[in-house]
């Protein structure tokens, strides 16, 4: 997983760096040589600057991207700046590179998601298929059936297994490890049989044998039905004057051991 994260980080940094490359239009200089001018269609501080090339393009009216360059101050006019470009690419090739990087990042994220899903469900391929086809209810149901406990808050829910995993919906899915099973402290807890509680419009199925603890803040925890006393214990932790770090450890120990 570390190698995937490392490669993904490198690709994302490369993509971010490329996207910031200034766009320029080539033109004929006073001496007949090809120079450029940075486009003024963006918020780049170099907009409008003249570009001098170490290896100039062969023709004018080309849209290019400056990959390696330096901003220099004019020796003749104080406060006036220009760009010396060492490496450039045509706009079409630049966009192809961007698309290739974005595709690589998507593939890395897919691999990363599969590995993360393997940690929280025995059927990651089905989970990804359901997610890809936007069968969200079935996807959530599949993950819930693999979890000891779940915190649900709007478009996020947290799976408590051997480690805490936060899953966030935002068109796609983002899965990440977290340190705390609570984003805030509920002021009131209550335990109810699951059948009489509507958790969310998006969740129609949940594991059998579970009850729900729900606060007025709409945060919801699913726990095994035989562990009703967990509600009272959570409330006591929440109301205690223990340090936050200690509370988080207790929450994790309590929820993680609730199966």
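The figures follow:
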quantity: Residue ID - modelled with the lowest pLDDT, chosen from residues in the range 1-60 that are outside any helix (DSSP H, G or I) and touching a helix residue (DSSP H, G or I) at 6+ places or on another chain (Cβ under 8 Å); calculated: 1
quantity: Subset of the range 18-39 [within 19 Å of residue 92 (Cα to Cα) and surrounded by fewer than 13 Cβ atoms within 10 Å (Cβ to Cβ)]; calculated: 19, 20
quantity: Sole exception among (1) assigned by TED's automatic domain parsing to the domain that holds residue 7; (2) surrounded by fewer than 16 Cβ atoms within 10 Å (Cβ to Cβ) for residue 114, by number; calculated: (1)
quantity: Some residue of the range 62-69 being over 20 Å from residue 97 (Cβ atoms), assigned by TED's automatic domain parsing to the domain that holds residue 18 and surrounded by fewer than 16 Cβ atoms within 10 Å (Cβ to Cβ); calculated: no
quantity: Filter result for residue 78 (part of a helix (DSSP H, G or I), at negative phi and without any contact (Cβ under 8 Å) to a residue 60 or more places away in the chain); calculated: no
quantity: Looking only at the range 74-95, and only at residues there that are at pLDDT 90 or above and farther than 14 Å from residue 18 by Cα, the one that is surrounded by the most Cβ atoms within 10 Å (Cβ to Cβ); calculated: 85
quantity: Selected residue (only one of 114, 105, 98, 120 is touching a helix residue (DSSP H, G or I) at 6+ places or on another chain (Cβ under 9 Å), within 17 Å of residue 17 (Cα to Cα) and modelled with pLDDT under 90); calculated: 105
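The values are calculated or read from the model by the stated rules, or taken from the named source; none is laboratory data. These numbers come from a predicted model, not from an experiment. So basically every Cβ, Gly included, is an ideal-geometry build from the backbone, and we count neighbours across all protein chains shown.
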